[in-house]
1. Given T319, T309, T323, which one is without any contact (Cβ under 8 Å) to a residue 24 or more places away in the chain and either in the same structural domain as K437 (by TED's automatic domain parsing) or touching a helix residue (DSSP H, G or I) at 6+ places or on another chain (Cβ under 8 Å) (or both)?
2. Residue by residue through segment 277-294, note down the ones that are part of a loop (DSSP other than H, G, I, E, B) and more than 19 Å from K196 (Cβ to Cβ).
3. Assess whether A361 counts as being touching a residue at least 40 places away in the same chain (Cβ under 8 Å), assigned to a helix (DSSP H, G or I) and of a type in the set (G, A, S).
4. Answer yes if at least one residue in segment 317-327 is over 20 Å from Y385 (Cβ atoms) and at pLDDT 95 or above, and no otherwise.
5. So, in segment 185-212, how many residues would count as being exposed (fewer than 15 other Cβ atoms within 10 Å of the Cβ) and either among the small types (G, A, S) or in contact (Cβ under 8 Å) with a residue 60 or more places away in the chain (or both)?
6. Of the residues in segment 299-309, how many are surrounded by 22 or more Cβ atoms within 10 Å (Cβ to Cβ) and assigned to a loop (DSSP other than H, G, I, E, B)?
7. Determine which member of the set I222, I189 is at pLDDT 95 or above, over 29 Å from R351 (Cβ atoms) and hydrophobic (A, V, I, L, M, F, W, C).
Amino acid sequence: MAEEQQINIRLLAVKALSDINRNGAYANLVLQKYISTHKLSDLDRRFFTELVYGTIRRRNYIDAIIEYLSKRKIKKLSSMVVEILRLSIYQIIYMDKVPESAAVNEGVKLTKKLARGLDAFVNAILRNVLRRREELVIETLARNEAERIAYTYNQPHWLVTMWLKQLGEAGTVALCEWYNQTPTLTARINTLVATKTTVLKEMKALGWEVEESNKLPDGVVIHHHTGNLEKSSLVLEGKLSFMDEASMAVAHVVDPKAGECILDCCAAPGGKTMHMAALMENKGHIIAGDVHAHKVELLKQNAKRLQVTCVEAKQHDATKLKTYYNKLFDKIVVDAPCSGLGVLQKKLDMRWRKQEEDLNAFPSLQLVILNSAAPLVKNGGVLVYSTCTINEEENEQVVKAFLDKHPEFHLEDANAYLPFKTSQVNTDKMVHILPYKDEMDGFFISRMIKD
């Protein structure tokens, strides 16, 4: 790659990091936008992706280096300078193929372009990184065991502290190691459109390296694919829907039957909804709702692509369901808004978006939605509550609080409906999927029957 090209790619990377860290944009969407807009070559795309994702991943350790050398808190520094320093330090420490001199010089050039007058400061910090490399190790920067683990495995200090209390040191390290691994791409074969055998043959004919999931009957693990996934004929024709295996487990716990009337309260973008439709062979009625109009449109688009005809997408507020529906449902699914702490492997920037105080808001909202759904469940009907978090306060504690207020419901063993066994020894009838033990996203699922 020519040096002029590298300079441009670094500039794009800094702007992308600013969009993500300062403007709250999602990393995957930002990367797609920049790669598409600037028509990056394959080589440039890989370099750009490594710069952005690598810098995001190592953010807290790199920030500790910046604060150590500058004697200032990150918040006290120019935001653009911070992004330039993060990008440059990441190259120095983690990218062996990038000459250290190039990382420093290009960082200074970027500063002259984007943060005039601060290039001498950036130059001094970066040259100190070169001179004092042996001093800038985690053992020196970490003030306690939680910080050591946080810097080593690139997780927020407050999260590591919480996991140490819940999982112990060995469990916390194992979880952090899992979240730092490259995610495995999994998908659900849409049996409404094609058979599993046919789709697997088509995938292999396209040069994809795939294998059947050993956990989900309609799941497939994709080790290698060719071309743009979203433009693949398999996707455009509705034969594949990308989902984690843990997410696929929810529909199995719901156990939808042909002819049933089901309400999916927080359905968008619709992966679990469409999976339920496939399991009930498009026979019955699923109302899939979301509070946002644009997400309702997304539900409709997904239903059309996957040739699902039994789903009706509606805009509603899940905390006030009785104002929208005056009938009873055979089954209601509450896949609740949550902290998302079970999917941090796939959403790299999410770990830095979350704040400890954010977790406090979810349980009360989750309970309100469950309370809203309860009156609409038929006697003998099913209420399934699920989250993609491993936070006990949002999971079993919410279910227990709900059951205390609703004696007309009782727990059924949700594990009995799973097509696989979890690693957890379940004594509370609820499904607890732990990423580092079950090798999939962290999920919680409970199944309640209305007497």
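The values are calculated or read from the model by the stated rules, or taken from the named source; none is laboratory data. Note that this is a predicted model, so its numbers are computed, not measured. Glycine also receives a Cβ, built like all others from the backbone with ideal geometry; neighbour counts cover every protein chain displayed.
1. T323 is the lone residue from the list that is without any contact (Cβ under 8 Å) to a residue 24 or more places away in the chain and either in the same structural domain as K437 (by TED's automatic domain parsing) or touching a helix residue (DSSP H, G or I) at 6+ places or on another chain (Cβ under 8 Å) (or both).
2. Just the residues of segment 277-294 that are part of a loop (DSSP other than H, G, I, E, B), to begin with: 280-284, 291-292.
K283, G284, V291, H292, listed by residue number.
3. No, not satisfied.
4. So far as segment 317-327 goes, yes, one or more of its residues are over 20 Å from Y385 (Cβ atoms) and at pLDDT 95 or above.
5. Residues in segment 185-212 being exposed (fewer than 15 other Cβ atoms within 10 Å of the Cβ) and either among the small types (G, A, S) or in contact (Cβ under 8 Å) with a residue 60 or more places away in the chain (or both): 2 in total.
6. Adding up the residues that qualify gives 2.
7. So the residue among I222, I189 that is at pLDDT 95 or above, over 29 Å from R351 (Cβ atoms) and hydrophobic (A, V, I, L, M, F, W, C) is I189.
Residues are listed down the side, and each one gets a yes or a no for (1) touching a strand residue (DSSP E or B) at 6+ places or on another chain (Cβ under 7 Å); (2) hydroxyl-bearing (S, T, Y); (3) assigned to a strand (DSSP E or B):
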| residue | (1), (2), (3) |
| --- | --- |
| K378 | yes, no, yes |
| S386 | yes, yes, yes |
| Q397 | no, no, no |
| P407 | no, no, no |
| A416 | no, no, no |
| V425 | no, no, no |
| K429 | yes, no, no |
